[in-house]
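The values are calculated or read from the model by the stated rules, or taken from the named source; none is laboratory data. Predicted, not measured: the structure shown is a model, and the values here were computed from it. A quick note on method: Cβ atoms are made from the backbone with ideal geometry, for glycine too, and the neighbour counts reach across all protein chains shown.
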Amino acid sequence: MASDAQQVMLAHSWTDDSGIDPTGYWMAEKLDGVRAYFDGTHFYSRAGNKFFAPPFFSKHLPKDQPLDGELWLGRGRFQQCISIVRNQKVNRADEWKEMTYLVFDAPKLNMVYEKRLEYLKSIMPSYGKDDITASSSTSLTFSPVPSDKIPPYARLVPVQKCLSKAHLLRELDHVQTHGGEGIMLRAPRSRYEFKRSRTLLKVKTFFDEEAIVVAQVMGSGKHSHRMGHLEVKTPDGRCFSVGSGFTDAQRDRPPKIGTVITYKFQELSNRLNPRFPTFVGERVDIKWVDYCKAYKPPTLKTATSAKVVSLLKQNSLVFQDLDKAVNANSTTPVLAEGDCKDDLEEDSETGSSGDTRSDRNLDGLATPSSSTQSPTSTPVTTTDSSVTISKRKRSSDDDNEDSNGSSTKQEPCRYGANCYRKNPDHLKKFCHPVKHARA
C-alpha cells in the first residue's frame with residue numbers, strides 16, 4: 001500500500017568514529033536506483049506515488065508478501081532510471097526491459113533478517129544469476145519456487161558477512177572505484193522497522209542531501225547560451241550554487257524552479273555550506289514538504305568531520321566467496337585522504353563526479369558499457385518556458401566541464417605545484433605544472 005511505502009525503513013550513517021564495530025553485520029552495495037515498494041500488485045515510491053510498470057515487469061512476484069527494493073538500471077544510470085519510471089506512456093514500456101527490481105527485504109515478514117533473507121533466496125536468484133542454486137536455497141523454512149516461476153525482472157541484492165572494519169573499508173573502496181555509491185550495513189538478527197533505524201547503516205565517503213531549485217543562472221564561456229549553475233535552498237534555509245555534474249542535455253533543459261534535486265558533497269564548511277556540491281539528479285520519488293518535516297539540520301560537529309572514513313588502497317573482494325574473504329590481508333595500512341585548508345564557499349575547482357568505469361563483473365553488479373546503452377534510455381527532462389533564466393556571469397570552472405560531467409583534458413590548477421588540495425576529484429580534473437624560474 002502507498003502508506004507503507006511512505007514509511008519504508010531508512011538508514012543512519014556509519015562513520016569511522018561512530019563507535020560501531022561492523023564485524024558481523026551484513027554488507028550489500030548501496031544502489032543508485034529508485035526506491036520502490038511492491039505491495040503485491042503495484043510499485044510505489046517513498047512519496048506514495050504509483051509507478052506504472054508494465055504487467056510483464058512484475059510477473060511471478062509474490063502477491064501475498066510485500067517487497068522492498070530499488071528499480072535499477074546500473075551504476076551511473078540514475079537519471080535514465082528516473083526518466084523511465086516517471087514516464088507513463090505505454091509505447092515506452094519496452095524500456096522497462098532494461099530495468100531490474102533489486103530486492104533487499106520483505107517488510108511484512110515478521111522474522112529476523114537472516115530468515116527474511118532465506119525467504120527471498122527461495123523465490124528469486126541473486127543478481128547476475130538466472131537460477132536459484134542449491135547452496136542459496138538450503139532452507140528448512142522455505143521451499144524454492146520452480147524454475148518456471150522465477151521472476152524474470154527481479155533479483156536479490158547480494159550480501160556478504162563483514163569480517164572486520166578493514167574488510168568493510170576494502171569493500172567500500174572497491175565499490176566506489178567501480179562507480180558504486182557505497183555500502184549498506186544490516187545488523188544481524190534485526191527486524192524490519194517502518195522508520196529510520198539504527199540497525200540499517202549506510203557507508204560512503206561523501207555526503208548527499210536534497211535541495212529545492214530556486215533559480216537557474218546562465219553560464220559563461222562554452223555554456224554562455226545555456227544554464228551554468230543552479231541556485232538551490234535547503235530545508236533549513238541555506239542557499240548555495242550547484243554547477244557541477246550536469247550533462248550538456250541537462251544544461252539545455254535544466255531542472256525547473258521548484259524541482260527537488262539530490263546533490264552530493266565532500267564536507268561542510270564552518271558556515272555549514274556544502275563544499276564541492278555536485279548534481280546527482282532530480283527526485284520524483286519524494287515530496288519536498290515531507291522531506292522538510294523529517295529534515296535534521298547539520299551541526300558544526302558534522303562540519304568538522306571532513307571525511308566519513310579512511311580508505312584502504314588495495315584490491316578488494318566485494319561480494320566474492322566468504323572463504324576467500326577470510327584469507328584477505330586485513331593489516332594493510334590506512335591511507336587517509338588529505339583535507340582542504342580553506343573555506344571556499346563556491347563550488348569552483350571541484351572535479352566532476354564522472355563515474356569510474358570498469359569491465360570487471362562484481363557478482364553481476366558491473367557498470368554497463370556506454371556503448372550498450374539504448375538511445376531510447378537518454379534522460380528526458382522538461383523545462384518551463386515561462387521560467388526566465390537569469391543572465392548572470394559566473395567565473396567558475398564548473399561551467400567548463402564536458403558533457404559527461406568530467407574533463408577529457410586536465411586544466412592547469414591556478415595554484416600550480418604549490419596547490420594544497422588533496423581532493424581526488426580535483427586531482428583528476430587539474431594538473432599541477434612546476435613553473436621554472438627564468439635564467
Counted residues, region 174-198 - those being part of a helix (DSSP H, G or I) and over 15 Å from ARG75 (Cα atoms)
0
So for region 65-73 (the condition being of a type outside the set (Gly, Ala, Ser), outside any loop (DSSP other than H, G, I, E, B) and surrounded by fewer than 22 Cβ atoms within 10 Å (Cβ to Cβ)), does at least one residue qualify?
yes
For the structure I just gave you, tell me whether GLU209 is without any contact (Cβ under 8 Å) to a residue 24 or more places away in the chain, farther than 30 Å from GLU118 by Cβ, not polar (S, T, N, Q) and not in a helix (DSSP H, G or I).
no
Which members of region 93-141 meet the condition of being surrounded by fewer than 14 Cβ atoms within 10 Å (Cβ to Cβ), at pLDDT below 90 and outside any loop (DSSP other than H, G, I, E, B)?
ASP94
If we scan region 39-54, do we find a residue that is of a type in the set (S, T, N, Q) and surrounded by 21 or more Cβ atoms within 10 Å (Cβ to Cβ)?
yes
Being under 19 Å from ASP285 (Cα atoms) and either of a type in the set (A, V, I, L, M, F, W, C) or touching an Asp or Glu at 6+ places or on another chain (Cβ under 7 Å) (or both) narrows it down to one residue among PHE104, PHE56, PHE142; which is it?
PHE104
Return only the number of the condition from (1) part of a strand (DSSP E or B); (2) farther than 24 Å from LYS195 by Cα; (3) among the hydrophobic types (A, V, I, L, M, F, W, C) that ALA36 does not satisfy.
(2)
A careful count of residues in region 1-33 that are closer than 25 Å to GLY76 by Cα and in a loop (DSSP other than H, G, I, E, B) gives 7
Over region 74-92, the set of residues buried (at least 16 other Cβ atoms within 10 Å of the Cβ) and more than 16 Å from VAL284 (Cβ to Cβ) is GLY74, ARG75, GLY76
